[in-house]
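Read through the structure below, which is laid out as structure tokens, and then see the notes.
The values are calculated or read from the model by the stated rules, or taken from the named source; none is laboratory data. All values derive from a computational prediction rather than experimental measurement. In this analysis, Cβ positions are derived from the backbone assuming ideal geometry, glycine residues included, and neighbour counts consider all displayed protein chains.
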Amino acid sequence: MMALRAMLRLVATTSCRALTLAFVSGLACGDDLADPERGPSAFEGRPLPLRGGEPLALAVPLRRLTREQLHNTLQDLLGEALPAGFDVRELWPPDDVDGGFASNATVPVTELAVEQLERAAERVAAAAVRRRAHLHACLEPADPTAACLAQWIEELAPRALRRPLAPAELESWRALAQPEPSPAGVDEDPVDAAIFRTLSALLQSPDFLYRVEAGEPTDDPEVRRLTAHEIAARLSYLVWSSLPDASLTADADSGRLYDPAARAAQLERMLADPRAVRGLMGFHRQWLELGALDSLDKDRNVFPTFDPALRPLLAAELQAFVEFVILRGDARFATLMSARTTFVPPALAAWYGDDASPTTVPQGQLPALPEGFVPVALDEQRRAGVLTLVPVMATHAKAGRSDPVGRGALVRRRWLCETLAAAPPDVVMPPVAPAPGSSQRDQLEQHAEDPACAACHARMDPGGLALESYDAMGSSRTHDLAGNPIDARGALPGSDIEGALEGPVALALALAHSEQAQRCYATQWLRYALGRPEGPDDAALLLAVQDRFLAADGHVPTLLRALVVADAFIQRRVR
Amino acid sequence: MSRARSRRAFLRALGLGAAAAPWLPSSLIHAETSTPRRVVFVHFAHGVARDRWSPQLGAEGLVLSPILAPLEAFAARLTVIEGLDNAPGLRQVGDQHNIAVGTLLTAMPLRADLGPGGHYLPGGISIDQRLATELSAGSDPPPWPSLQLGVRTQGFAISALEAERPLRADDDPASAYARLFGELGLPPAQLEQLQAQRVRARDLVRTRLDTLARTLPAADREPLEAHAEAVEAHQDRLDAMGPRPASCEPPDSPPLVEHPSTPADAEVPTLVRAQTEVLVAALACDLTRVVTLQWGSSGNDGLRHVWQGIDQEFHTLAHLANGEDPHAHEQLAAMNTWTMEQLAELLAGLDAVPQGEGTLLDHTLVVALSGLSVGHHMGDLPVLLAGGGVPGGRVLSAAGAPLASLWLALAQHLGVPLAGFGDPADDAAPLPGVA
């Protein structure tokens, strides 16, 4: 079963590239690199013919909540019962990434993971026991009534498990939550023990840990319609990266969520809710491959003032920018790629240097800003949009120097949706030791000399070279470390962006208006929503969502709306 | 006892209070008279500075190379194997780092690669798992058939239960310690209470997993069944655990690292040392007989050996070394030497535990290897054997032999002869001359 899925995925990658890049001539470089003499590889797949017809239902794997989703879910579920600043993410096993987004759908739980899940649930439960008055007001007294514990779990369990519970299920949770006399020799408080026991079991429950989508049968045995509460969870995890709130649950109870208009109305409400920022960050951080931001470090010889305390500030800058564009601004992809306003505290402003100057933003357009953050206007000649922000450029760099190959590959993967093959097995990297003092551009020119390298690097390097204006911290520069003047001429050959790109602003603005980049952005949202890479069956929905996104001039809420009103959003293919 | 005080005791028991381990540091003495066979697989990342690696064979035995010099004390029990190839890895096209790590112990090509930033699915059972069942059999089986310990492995597993079921390493020594020794500090009645609660939670989890596996669409069954199986295996192991022998004294609890799965570079040495201590203690107490110890993940994880004053990425330097960049080559050699110092610490730890006529090291076969030799190359891998009763002081030439032949030879030496292992395309036979 898993093998089949893995194979389908490999096939899907190839065929969907053909699909989404249908107007691009030529193949991605990976195909040029396959060496016939090496024989068949598990990574090669033949394109399948596209299947036509309406995408009434799509296959969605069973997903376990990601660390980020668990963090948000527990914040919303337990609120102030969790101590401020208690970061639960690393308590849980590491996430599996599939299709470029964490999905936890590929690697089954192992015994180690069982122990980790157990310990994580216990750690959270024990922390909440300590602040039990915040779990439920009636738990505050030293000796709460049995009825209070029953009430607490009756309210909590359906929220945690994201569905109404059958009477027998509720009864078993109630029974677990009843205080029991402590065994001889144990001097713990029986109510604390009951809360601990119940909460740690609840947080290990498969209904809590997995995105369960049982659905209901339809006329088609391969298609199940999701229950209303499962639809509510699809909406909440897509938009908030967390569990449904009371309004979504009410719309699920009434069955309204089967109505596309009701889902669209909920989407609008949810985007106006402060929780939307978390959800949008969940997508954009992964889209921009910023996983390494949490452990960002720099060579202190090159950046003596780098401080690890910058990491959360960099994340906060990105969050403010995303909120500013998508939730407070015109919400267009082009603006995401071209806005000249960002939000920084003095510690980050220093890295922008002359590129940033104080500005004002109308009250209604201001994102929620942490202490010390102020709006700044970015130099129009040097910065444009999210790709050129310090958090993005600093993450996509080496410790001491810029990384044009890595940055170029990032652009091809995340803006053009290309699958890049790994370097051929026997290639020596770098082919020749760089001459002392040579620029990155001079070094990368060696790729052209070896056909094995040239196929891919001719695609990757020019995009990355256009970002050479930024050093390894994302600061603008005119000379590299060796003193060579920066030459940031670049290009994106083999894409719908033609001709030379004079530096990062030209690159960002070209992407802002590229049809291919906008289609790709929509594809990335679909991957995020499905928890897997796209496959041939997804083609019709993907094209429909892309077309609607383009027709709406890259309006992100319209993209999300196209997703949530689709029949496929409330159904599941279960072949 | 006041309620506040009882709550403190309760919370401390869960590892949330300022729990001071009540044990004093002590030598680890295992009283067992029989001598179980044990094996440890150590993986280190990014290959070696080749010309500083290979030892010479002199009249007096091994003349260790600069990189291997830290192992001097163990030279008489050290075998350096030269020329082994990761044959399936060499044949497979794809992300070379993922292939190098994910095929090392399985000797099978990867089943799938999960794309940028993603992991991979292994192509078969890994040799440590193949051996774990037999080495754990007998009248007094260890509670853990195997352990997977790691430092900054980021989910890139070297072990696999079977195809597509990777066994990831525990990157957090505090977590590994808690699993192995942690609750020894609880008063017996409280421990019993906690364990009883856990059994109830597991029963609920298992019952619900079974129900879901029966009622959810077929596509969901496999992960649910695997999860239920893992819960059951966990419970079975706990049920089978007898009282800990009095001779088994846990080591000091490891230092707490703030982000054990994404540690700062400078914290890596602390984590390496802590995992080594956990490993030695686990073997000394016969809590397990098969361990994988994985230092580093797959590809360019950005790790820099800043504690050695090296500011460039390990991965980058490994690419620049072995070529025309003498500075990078020096730095790779220095990092390799540091790695061998850590290996020497492990061997010394094992050698400090008396066992039978000799030491724990004499009864534990340690295999240390990297999945890469030079750059991205998976041929002529750097491989070491130490301890476990394998004759030492020698260089064994295995030019062109597949790694599977070493795994078969080790299995034979450990008393678990296998009819075959790894990719059938390699038709591997046990490597001669290992033991």
**Fill in**
Of the residues in the range A:155-179 that are under 18 Å from A:Asp245 (Cβ atoms) and not in a loop (DSSP other than H, G, I, E, B), the one that is farthest from the other protein chains (Cβ to nearest Cβ) is A:Glu155
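Buried (at least 22 other Cβ atoms within 10 Å of the Cβ) and modelled with pLDDT under 90: which single residue out of A:Ala42, A:Ala18, A:Ala12, A:Ala22 fits that description? Don't jump to the end; show me each part of the working.
On the way: A:Ala42 fails: buried (at least 22 other Cβ atoms within 10 Å of the Cβ); A:Ala18 fails: buried (at least 22 other Cβ atoms within 10 Å of the Cβ); A:Ala22 fails: buried (at least 22 other Cβ atoms within 10 Å of the Cβ).
Just one listed residue meets the conditions, A:Ala12.
Among B:Gly389, B:Gly323, which is surrounded by fewer than 21 Cβ atoms within 10 Å (Cβ to Cβ), under 18 Å from B:Pro430 (Cα atoms) and over 17 Å from the mean Cα position of the chain (by Cα)?
Working: B:Gly323 fails: under 18 Å from B:Pro430 (Cα atoms).
Among B:Gly389, B:Gly323, only B:Gly389 is surrounded by fewer than 21 Cβ atoms within 10 Å (Cβ to Cβ), under 18 Å from B:Pro430 (Cα atoms) and over 17 Å from the mean Cα position of the chain (by Cα).
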**Request:** State yes or no: is A:Arg278 more than 12 Å from chain B (Cβ to nearest Cβ), part of a helix (DSSP H, G or I) and either crowded, with 16+ Cβ neighbours inside 10 Å or of a type in the set (Asp, Glu) (or both)?
**Result:** yes
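Considering only residues of the range A:221-248 that are surrounded by fewer than 19 Cβ atoms within 10 Å (Cβ to Cβ) and free of Cβ contacts under 8 Å to residues at least 24 places away in the same chain, which is nearest to the other protein chains (Cβ to nearest Cβ)?
So the first thing to find is which residues in the range A:221-248 are surrounded by fewer than 19 Cβ atoms within 10 Å (Cβ to Cβ), and the list is A:221-222, A:245-247.
Going one step further and asking which of them are free of Cβ contacts under 8 Å to residues at least 24 places away in the same chain, we end up with A:221, A:246-247.
Values: A:Pro221: 10, A:Ala246: 25, A:Ser247: 27 Å.
If we take residues in the range A:221-248 being surrounded by fewer than 19 Cβ atoms within 10 Å (Cβ to Cβ) and free of Cβ contacts under 8 Å to residues at least 24 places away in the same chain, then A:Pro221 is nearest to the other protein chains (Cβ to nearest Cβ).
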**Message:** I'd like to check something: does the range A:124-132 contain any residue that is over 21 Å from A:Ala233 (Cα atoms), out of contact with any helix residue (DSSP H, G or I) (no Cβ under 7 Å at 6 or more places or on another chain) and surrounded by 18 or more Cβ atoms within 10 Å (Cβ to Cβ)?
**Reply:** yes
**Breaking point among (1) crowded, with 23+ Cβ neighbours inside 10 Å; (2) facing chain B (nearest Cβ under 8 Å); (3) part of a helix (DSSP H, G or I); (4) not hydroxyl-bearing (Ser, Thr, Tyr), for A:Gln204** = (3)
**Prompt:** What strands (runs of 3 or more DSSP E) lie completely within the range B:142-196 and have 1 or more residues being touching a residue at least 40 places away in the same chain (Cβ under 8 Å) and among the charged types (D, E, K, R)?
**Reply:** B:165-167
**Asked** When you go through (1) part of a loop (DSSP other than H, G, I, E, B); (2) free of Cβ contacts under 8 Å to residues at least 60 places away in the same chain one by one for B:Thr133, which number turns out not to apply?
**Response** (1)
**Members of the range A:515-564 that are under 20 Å from A:Asp98 (Cα atoms) and of a type in the set (S, T, N, Q)** = A:Thr523, A:Gln524
**Request:** Only residues that are touching a helix residue (DSSP H, G or I) at 6+ places or on another chain (Cβ under 6 Å) and surrounded by fewer than 23 Cβ atoms within 10 Å (Cβ to Cβ): list them for the range B:89-110, please.
**Result:** B:Val93
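Can you name the residue in the range A:284-303 that is within 30 Å of A:Leu560 (Cα to Cα) and among the acidic types (Asp, Glu) and, of all such residues, is surrounded by the most Cβ atoms within 10 Å (Cβ to Cβ)? Lay out the reasoning, then the answer.
Step one: list which residues in the range A:284-303 are within 30 Å of A:Leu560 (Cα to Cα), which gives A:284-294.
Then drop every residue that is not among the acidic types (Asp, Glu), which leaves A:289, A:294.
Numbers: A:Glu289: 20, A:Asp294: 16.
Only one residue fits best here, namely A:Glu289.
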**Request:** Hey, could you check the range A:64-95 for residues that are touching a strand residue (DSSP E or B) at 6+ places or on another chain (Cβ under 7 Å) and in a loop (DSSP other than H, G, I, E, B) and say which is nearest to A:Phe208 (Cα to Cα)?
**Result:** A:Thr66
**Request:** Would you be able to say whether some residue in the range B:122-138 is more than 18 Å from B:Val278 (Cβ to Cβ) and facing chain A (nearest Cβ under 9 Å)?
**Result:** yes
**Request:** Search the range A:289-329 for residues being of a type in the set (Asp, Glu) and touching a residue at least 40 places away in the same chain (Cβ under 8 Å), and hand back the single one that is farthest from the other protein chains (Cβ to nearest Cβ).
**Result:** A:Glu323
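Go through the range B:355-380 and report how many residues are more than 14 Å from chain A (Cβ to nearest Cβ) and either closer than 12 Å to B:Val39 by Cβ or in contact with a helix residue (DSSP H, G or I) (Cβ under 6 Å, 6 or more places away or on another chain) (or both). Don't jump to the end; show me each part of the working.
Narrowing the range B:355-380 to residues more than 14 Å from chain A (Cβ to nearest Cβ): B:355-370.
Going one step further and asking which of them are either closer than 12 Å to B:Val39 by Cβ or in contact with a helix residue (DSSP H, G or I) (Cβ under 6 Å, 6 or more places away or on another chain) (or both), we end up with B:355, B:359-361, B:363-368.
Counting residues in the range B:355-380 that are more than 14 Å from chain A (Cβ to nearest Cβ) and either closer than 12 Å to B:Val39 by Cβ or in contact with a helix residue (DSSP H, G or I) (Cβ under 6 Å, 6 or more places away or on another chain) (or both) gives 10.
Can you name the residue in the range A:182-201 that is hydrophobic (A, V, I, L, M, F, W, C) and either facing chain B (nearest Cβ under 9 Å) or in contact with a strand residue (DSSP E or B) (Cβ under 6 Å, 6 or more places away or on another chain) (or both) and, of all such residues, is farthest from A:His136 (Cα to Cα)?
To start, the set of residues in the range A:182-201 that are hydrophobic (A, V, I, L, M, F, W, C) comprises A:184, A:186, A:191, A:193-196, A:199, A:201.
Then drop every residue that is not either facing chain B (nearest Cβ under 9 Å) or in contact with a strand residue (DSSP E or B) (Cβ under 6 Å, 6 or more places away or on another chain) (or both), which leaves A:184, A:186, A:193, A:196, A:201.
Working: A:Ala184: 29, A:Val186: 26, A:Ala193: 16, A:Phe196: 14, A:Ala201: 18 Å.
Per the stated criteria, the residue is A:Ala184.
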**Prompt:** Got at least one residue in the range B:182-190 being facing chain A (nearest Cβ under 7 Å), crowded, with 19+ Cβ neighbours inside 10 Å and not charged (D, E, K, R)?
**Reply:** yes
**Asked** Wholly within the range A:494-575, which helices (runs of 4 or more DSSP H) include no fewer than the required count, namely at least 2 residues that are of a type in the set (Gly, Ala, Ser)?
**Response** A:504-512, A:515-530, A:539-551
**Fill in**
The helices (runs of 4 or more DSSP H) lying entirely within the range B:257-366 that contain at least 2 residues which are over 18 Å from B:Ala176 (Cα atoms) and touching a residue at least 40 places away in the same chain (Cβ under 8 Å) are B:314-320, B:326-351
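Does A:Ala157 qualify as being among the aliphatic types (A, V, I, L, M), under 30 Å from A:Val107 (Cα atoms) and crowded, with 16+ Cβ neighbours inside 10 Å?
Numbers: among the aliphatic types (A, V, I, L, M): yes; under 30 Å from A:Val107 (Cα atoms): yes; crowded, with 16+ Cβ neighbours inside 10 Å: yes.
For A:Ala157, the condition - among the aliphatic types (A, V, I, L, M), under 30 Å from A:Val107 (Cα atoms) and crowded, with 16+ Cβ neighbours inside 10 Å - is met.
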**Request:** Look at B:Glu345 and say whether it is within 22 Å of the chain's Cα centre (by Cα) and either within 16 Å of B:Ala73 (Cα to Cα) or surrounded by fewer than 22 Cβ atoms within 10 Å (Cβ to Cβ) (or both).
**Result:** yes
**Item:** In the range A:76-114, the residues that are charged (D, E, K, R) and modelled with pLDDT of 95 or more
**Value:** A:Asp76, A:Glu80
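Got at least one residue in the range A:511-533 being more than 30 Å from A:Leu56 (Cα to Cα) and without any contact (Cβ under 8 Å) to a residue 24 or more places away in the chain?
Pass one, the range A:511-533, residues more than 30 Å from A:Leu56 (Cα to Cα): A:511-513.
With without any contact (Cβ under 8 Å) to a residue 24 or more places away in the chain added as a condition, the list becomes none.
Within the range A:511-533 (the criterion being more than 30 Å from A:Leu56 (Cα to Cα) and without any contact (Cβ under 8 Å) to a residue 24 or more places away in the chain), the answer is no, since none of the residues qualifies.
May I ask you to say which residue of A:Gly463, A:Gly503 is more than 30 Å from A:Ser236 (Cα to Cα), surrounded by 16 or more Cβ atoms within 10 Å (Cβ to Cβ) and over 27 Å from the mean Cα position of the chain (by Cα)?
Working: A:Gly463 fails: over 27 Å from the mean Cα position of the chain (by Cα).
Residue meeting the stated conditions: A:Gly503.
Could you pull out every one of the strands (runs of 3 or more DSSP E) wholly within the range A:314-399 that has 2 or more residues that are crowded, with 17+ Cβ neighbours inside 10 Å? So that I can check it myself, show each step before the final result.
On the way: elements: A:341-344, A:356-358, A:374-378.
In the range A:314-399, A:341-344, A:374-378 are the strands (runs of 3 or more DSSP E) which contain 2 or more residues that are crowded, with 17+ Cβ neighbours inside 10 Å.
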**Flag if B:Leu209 is within 14 Å of chain A (Cβ to nearest Cβ), in a helix (DSSP H, G or I), of a type in the set (A, V, I, L, M, F, W, C) and under 26 Å from A:Ser182 (Cα atoms)** = no
**Request:** With respect to A:Glu140, determine if the residue is acidic (Asp, Glu) and at the interface with another protein chain (Cβ under 9 Å from one of its Cβ atoms).
**Result:** no
